[in-house]
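See structure below.
Please treat every number below as a calculation from the coordinates, not as lab data. Being a predicted model, the structure only gives us computed values, none of them experimental. Every residue, glycine among them, receives a Cβ derived from its backbone with ideal geometry; neighbour counts consider all protein chains shown.
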Amino acid sequence: MLAIKTETGPTLVSGAFSVTFGQFEKVAEAAVIFDGPNDDDEVYEVTRTIATNVVTITVQKMTVSATNTWGDAVTSDVAAKTFTVIADGL
């Protein structure tokens, strides 16, 4: 069974936020997509981890510059972005 949850402007702790799918005992697989205003000279990447029925999304940000280093995004970076998590649960 699939379930979808959407969060706009989530609060990030160490670059991550969690989404709980209470209708499932366990999430077998999850996909994350995000949308929002384009930010000049910034690139975002998301990864997800699953523990029982909780999907944790980590958001990384790179500011395009001479060094191009990745770091954890902060809440203000994603304030206008919408994240959609699609989970397949048991």
Difference of contour (0.36 nm per residue) and Cα-Cα distance, T11 to T67: 17.4 nm
So, over other residues within a Cβ distance under 15 Å of A31, counting Lys, Arg +1 and Asp, Glu -1, the net charge is -3
Please tell me the relative contact order of the chain in percent, rounded to the nearest whole number, where contacts are Cα pairs under 8 Å and at least six residues apart. 47 percent
Interchain or long-range residues, amide H under 5 Å from L12's placed H: T75
Quick one: Debye curve from the C-alpha atoms of the chain, no solvent, what's log10 I(q)/I(0) at q = 0.14 Å⁻¹? -0.49
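Based on Cβ point charges of +1 for Lys and Arg and -1 for Asp and Glu, what charge dipole magnitude is obtained for the chain about its Cα centre, in debye rounded to the nearest 20? Can you show the working numbers first?
Numbers: 5 positive and 12 negative charges, 67 e Å.
Dipole about the Cα centre, nearest 20: 320 debye.
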